[in-house]
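These notes concern the structure reproduced below.
The values are calculated or read from the model by the stated rules, or taken from the named source; none is laboratory data. Values in this document were obtained by computation on a predicted structure and should not be read as measured data. Please note: Cβ atoms are built from the backbone with ideal geometry, for glycine as well, and neighbour counts cover all protein chains shown.
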Amino acid sequence: MDFKKMRPESLMMSHGYKPSLSEGAIKCPIFQTSTFVFNKAEEGKHFFEVAYGLKEQEEGEELGLIYSRLNNPDLEILENRLCLWDNAEDCAVFESGMSAISTAMLEFLAPGDLLLYSRPVYGGTDHFINHFLKKLGIHSIGFLAGESKEEIIRRIDESGLGHRLAMIHIETPANPTNALIDIELCAEIKKHYTTDEKPVVLSVDNTYMGPLWQHPLKHGADLVLYSATKYIGGHSDVIAGACLGSKASIGRIKGLRTFLGNMCGPWTGWLLMRSLETLKVRMEEQARNAVEVANYLKKHPKVERVYFLGLIPESGTAIEKEIYERQYLSPGAMISFDVKGGEKEAFTFLNNLKLIKLAVSLGSTESLAEHPCTMTHVDIAPEFKAALNISEKLVRLSVGVEYYGDIITDIEQALDKI
């Protein structure tokens, strides 16, 4: 049987794991150890030389383990399995999504460089870009969904920093409005500014779509980033992140990860491996539920507007329709909507939910609702919130795996309280 021809969901139970190395255990054990024993001093020398880039790993060579800050069986198997979904060469897992994003940015950006990024992005990412990176002397320019390549290039050129563009970071669909960013357009901008001396790196935060519904590497991205807390973990019981790409790029990121010490632990790795086994089943059910919920919301008299990818084919612009058809495999399970009114009405809705939990995060088995303007995106400047449709009336909903009729019933009774 040719395992290489199998689909990822079939390989999630076994790929990268050899039961014979673990007393025949059918599931990978938790390797709760800080260090690993070398058979000989020469072996330890070789492992360290490869780990620190002093020697190349030989083709087909299986390296041993050194120390859990560098490598651990749970993490290595997890990374191998994550690569299958995005068809990536390598993967690095982290203790959180923000540690994955921040490590990638710190590795490919230097003082004086320019970062181009889409807006809106997750609030933590926005803060890191506009506060922490700014302290390091790293410049940034934001752009909105729908802006043309020519408009973005003109703004970069007018800044006088085009020669210092080092990284493009986008989040698509955007959190929390589901705005679509064209990955291939960004890849063209990357190519426009890339030189032999200064290549530009394109990274895509794919958290909203998870590993199933969008594959950025196929559209010209260099790095794919996840908050693995969300769909990959999927049970609201683990915090983690992941970054995928070429061996060369991930090798650099793993090098910095080693010295920042922000890799995830073996317990986290084991939990994520458990969750990967049901990833497709969970995400498909969430997507089916989201379609039913969105169709209900768009007809409700107390709902002003619904932001959901599944509505693009019937109501989106020509540009949105083209991007959606080319880039996405599903509308996903994230919905945002404007209630009629403002913060008071949005809070009334949120405070009266019973089945749906009032909490941040997303992608878990339970449905979650939150208020982006005052919660996840509170740190964004008011003028930008207005431009990005992050208003006081906006509610974000992560649809879970409950029966969709019960989710709708809960939404209905909460909207009735407004």
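From the residues in segment 319-336 that are within 16 Å of the chain's Cα centre (by Cα) and within 15 Å of residue 184 (Cβ to Cβ), which one is surrounded by the fewest Cβ atoms within 10 Å (Cβ to Cβ)?
328
Return only the number of the condition from (1) under 22 Å from the mean Cα position of the chain (by Cα); (2) without any contact (Cβ under 8 Å) to a residue 40 or more places away in the chain; (3) under 30 Å from residue 341 (Cα atoms) that residue 271 does not satisfy.
Against the list (1) under 22 Å from the mean Cα position of the chain (by Cα); (2) without any contact (Cβ under 8 Å) to a residue 40 or more places away in the chain; (3) under 30 Å from residue 341 (Cα atoms), residue 271 comes up short only on (3).
What strands (runs of 3 or more DSSP E) lie completely within segment 56-157 and have 2 or more residues being of a type in the set (Gly, Ala, Ser) and under 24 Å from residue 329 (Cβ atoms)? First the steps, then the outcome.
Numbers: elements: 90-94, 114-119, 139-144.
Of the strands (runs of 3 or more DSSP E) lying wholly inside segment 56-157, none has at least 2 residues that are of a type in the set (Gly, Ala, Ser) and under 24 Å from residue 329 (Cβ atoms).
Which members of segment 174-218 meet the condition of being in a loop (DSSP other than H, G, I, E, B), in contact with a strand residue (DSSP E or B) (Cβ under 7 Å, 6 or more places away or on another chain) and β-branched (Val, Ile, Thr)?
177, 181, 200, 207
Answer yes or no: is there a residue in segment 219-241 that is surrounded by fewer than 24 Cβ atoms within 10 Å (Cβ to Cβ), within 13 Å of the chain's Cα centre (by Cα) and in a helix (DSSP H, G or I).
The answer is yes, given that some residue of segment 219-241 is surrounded by fewer than 24 Cβ atoms within 10 Å (Cβ to Cβ), within 13 Å of the chain's Cα centre (by Cα) and in a helix (DSSP H, G or I).
Exactly one of (1) out of contact with any strand residue (DSSP E or B) (no Cβ under 7 Å at 6 or more places or on another chain); (2) buried (at least 16 other Cβ atoms within 10 Å of the Cβ) is unmet by residue 299. Its number?
(2)
Take the conditions surrounded by fewer than 20 Cβ atoms within 10 Å (Cβ to Cβ), in contact with a Cys (Cβ under 9 Å, 6 or more places away or on another chain), over 14 Å from residue 258 (Cα atoms) and at pLDDT below 95 and apply them to residue 96. Does it pass?
Taking the combined requirement at face value, the residue does not satisfy it.
Looking only at segment 242-253, filter to residues that are of a type in the set (Gly, Ala, Ser) and surrounded by 24 or more Cβ atoms within 10 Å (Cβ to Cβ); which one of those is nearest to residue 50 (Cα to Cα)?
Here is the first cut: in segment 242-253, the residues of a type in the set (Gly, Ala, Ser) are 242, 245-246, 248-249, 251.
Next, only the ones that are surrounded by 24 or more Cβ atoms within 10 Å (Cβ to Cβ) stay: 242, 245.
Values: 242: 22, 245: 20 Å.
Checked segment 242-253; the qualifying residue nearest to residue 50 (Cα to Cα) is 245.
Quick one: which helices (runs of 4 or more DSSP H) sit completely within segment 323-418 and have at least 2 residues that are modelled with pLDDT of 95 or more and among the polar types (S, T, N, Q)?
Values: elements: 343-351, 382-387, 404-416.
Because the criterion is at least 2 residues that are modelled with pLDDT of 95 or more and among the polar types (S, T, N, Q), the helices (runs of 4 or more DSSP H) in segment 323-418 that meet it are 343-351, 404-416.
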